[in-house]
Each structure stands twice: as C-alpha cells, then as structure tokens.
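Here the structure comes first, spelled out in structure tokens, and everything after it is commentary.
Every read-out reported here was derived from the displayed coordinates using simple, explicitly stated rules and does not represent laboratory data. Given the structure is predicted, the values throughout are model-derived calculations rather than measurements. Every residue, glycine as well, gets a Cβ built from its backbone with ideal geometry; the counts of neighbours run over all protein chains shown.
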Amino acid sequence: MLQARPRSGLAALALFCLVLGGGVNAFARPLAPSRLATVLACKPAAPCAQSLPVKVVIVTMFEIGKDSGDAPGEFQLWKERRHLDTRIAFPQSHHDVFYNPQSGVLGIVTGMGSIRSATATLALGLDPRFDVSHAYWLVAGIAGIDPHHASIGSAAWAHYLVDGDLAHEIDAREIPQDWKSGYFPLHRKGPGDPTPADPAINGEMFELNPALADWAFRLTRDIALPDDPGLTAERARYAGFPMAQRPPFVLKGDQLAAMTFWHGARMTDWANDWVKFWTHGKGEFVTSAMEETGTMQSIEYLAAVGRADRNRVMVLRAGSNFTMPPPGVGAAEYLLRENQGYSGMHAALESLYTVGSKVIDELLAHWDRYGRTPPQ
C-alpha cells in the first residue's frame, strides 16, 4: 500500500502516472511479460503494483456454452478471432475476462440485464489490475430490430440509449379509453402528458459521443454483411415493410434497454414513442435489448473519478429477431416460435464481429492519434 504523505503537485502527478503505468504513452509500448505476470499474480480487486493497459473493451452480454469451440453466443467469435487467450479471474462479476497482451483488447461477458451489465462494468473499471482510463468501449450484442427501419442481420450504431424500465404502469385492461398505453414516464400524469422530458432525473436517457458514432458509421456503412436463404425467407414475410425486406446492412439507429423481453406491433409503437419522448424527437428507435443504460450509467460513474472516458463509448447492436411479427401472424405465436431459436442469430453475431472489428482495427492501427483524441 502507498503511504499517504504530503507531496508537491508534480511529485503526486508523477506517482499517479507511475501507478497507472505512464499514462497514454504506456499504451503505445509493447507489454512487458513481467508486467503481465505481475498482474496475473494479483488478487482480483486488490491493490496491484502494475496494471494492464486496455485500449478497447469489447462488452458482450452472454455466452451460450463454452467460450470457444461450440455454438457461439455474443462472446465466442471475439475470443477466438481477436485472440483473447489470456484468462484473468474476475469472480466479482458474472464471467472471467479475457485479454490480448499484444493488442491491448479485453473482452468481458457482463451477464444479461441492466443489473449485471452495470455491476460488471463498474467492477472492471474499479479493479486496480486494469487501466481502462483511455479505453474505447464497444458494446456488441444481438437485439430485436424494428422492421420499419431494418432487417434481421443488420447492424445499427446508436447515438441515444434510452431506458425502458423506469416508468409507471397500469394494466392495459384497466387504462382509460383515451390512453394509447398503460405505460408512461415517471413524474407524468399519463401517456399523453406533454411535459418535456428531463432525462437527467433518473438516467432515462444517455447521449453517446455523436462524432464517434458518426465516424464508426462512416467507416463501416459500405460493409457487405452476411446473408443466407433462411434470412431471405424470413424477411420475405414482411410484406409492406421495405426496410425489413432488404438484405442485412449497416445503419444508424437508437437503442431501447428494458429488462422485459417485449414483443408485438403495439409494443413497437410504444418503443418508438418512448425513444422520441426521451430524446425530444431527435432519436429513432431501431434496436431493443436489455443492458445499455446500466452499462452507460457505470461508465458515467467511472468517468467522474477518471477511471473511464465516456466519450469513447460505442454501441453496436445487430438484429437477431424482429420486434413484431409479420403481417397476419399473432404476436404471441411469433414470439414463442422465435424463442426456439432466433432466425437472425447467426447472421447477427457475424455482423457484430465484421462491423465491430473494422472499427477496432482502425483504432489500433492509429493509436498514436486515437489514444489521445477520439475520432471525429
């Protein structure tokens, strides 16, 4: 433990840089094997004489079975293809983390839901073994996708993250006749209350760095994404939804995080209204998942103490399933069928890796520039 004693400002700054491994300059140097060995010998979340410089944190939410060699969940392709071979014990969370000492890329599996994603992110940022102060965070996960805007297999870069859990709710069978929904924001008098949204109250909305999101989209928008006959057949069912019938593509679109796996045309209408409300009409609902607002809230807290940079967060979600059924099919029928295996699961996982890796490769190739300042 370092002993507290008076120091000059310059001496304190030098000590801080030493503890973190030399600031941003340390990220550009090859990682010494002795440094890695020192960190691996440290106990989780305990004081450590060294820390691992992390350039990119790949945030995934679940894995199906093993971390490699079987049917993949969100993490497996990243582990195998980005050579995340160094396993680091992480018992204070859902899953051990994996690291590539050569690239400085770290992968985490937070667990599903905003509670697990928030606690895992905070635990990582506060663990002295990892220096994520200059890291880019790439959230890469599957999602429900709105057929009004995109097809399954498509990948969307988010600008806004909106929380769908903090709310009032009245059962739809008991709502007044003139209410569109029984679900409405806290501190409001009903779903039609025109009072402007204030997302600062409880963290109902987070705006990501728009310049970074736009840069990531420009870099990847022309990538050809995986397609197959199964996707073709599924999207053909969405007559009258031209965007849903397109082959998978890269787009910009905002993310709604809610712990309930909802489904249906009415719920999709609610999601569009909810995102527009909390973003003052600037956002456009495209993908539905469970974790983002929890992850982002923890990064905000870490940023407040210099342990993370909230301007280096990117959220990429790919459609594994539609948020509503095709015309002529009931919501319950379609949801139960999809729960047996998402029609776009494999394509979505490949899209996440293909699109996300393009961004990671660009960041690493020009770390001398992007280590100091996020892309514009």
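Rounded to the nearest whole angstrom, the semi-axes of the ellipsoid equivalent to the range 118-157, taken from the Cα gyration tensor as √(5λ), stand at 32, 11, 7, largest first.
Normalising by residue count, the range 109-268 has a Cα convex hull of 172 Å³ per residue. With distances taken between every two different alpha-carbon atoms, the range 221-342 has a Kirkwood hydrodynamic radius of 16.4 Å.
For the residue pairs 43/66; 66/276; 189/276; 79/276, alpha carbon separations beyond 28 Å are given by 66/276; 79/276.
Sparse packing (at most 13 other Cβ atoms within 10 Å of the Cβ) combined with a DSSP loop state is found for the following trypsin sites (Lys or Arg not before Pro) in the range 81-190: 189. Over the chain, all Cα pairs binned in 20 Å intervals from 0 give whole-percent P(r) values of 28, 55, 16, 1, listed from short to long.
Considering only 151, 34, 51, the Gaussian network model of the chain with Cα springs below 10 Å gives its largest mean-square fluctuation to 34.
Its alpha carbons give the range 76-119 an Rg and a Dmax of 11.0, 32 Å.
Radius of gyration (Cα atoms) of the range 132-194, expressed as a multiple of 2.2 N^0.38 Å: 1.62.
This ranking places 237, 317 by how few other beta-carbon atoms lie within 10 Å of each, fewest first, which gives 237, 317. The spread of Cα positions in the range 214-287, taken along each principal axis and listed from longest to shortest, comes to 36, 32, 24 Å. Taking only alpha carbon atoms, the range 314-376 gives an Rg to Rh ratio of 1.24, where Rh is the Kirkwood radius. Taking the three principal axes of the alpha carbon atoms in the range 268-312, the coordinate ranges are 39, 21, 14 Å, sorted in descending order. Taking a straight line from the alpha carbon of residue 252, these aspartates and glutamates sit under 15 Å away, with near neighbours fewer than eight places off in the same chain left out: 146, 207, 214, 222, 284. Extent along the principal axes, Cα only, for the range 32-88: 38, 21, 18 Å, with the longest axis given first.
For 214, 163, 70, the sequence from fewest to most other C-beta atoms within 10 Å is 70, 214, 163. Computed over the range 39-148, the convex hull of the alpha-carbon atoms projects to a mean area of 7.7 nm².
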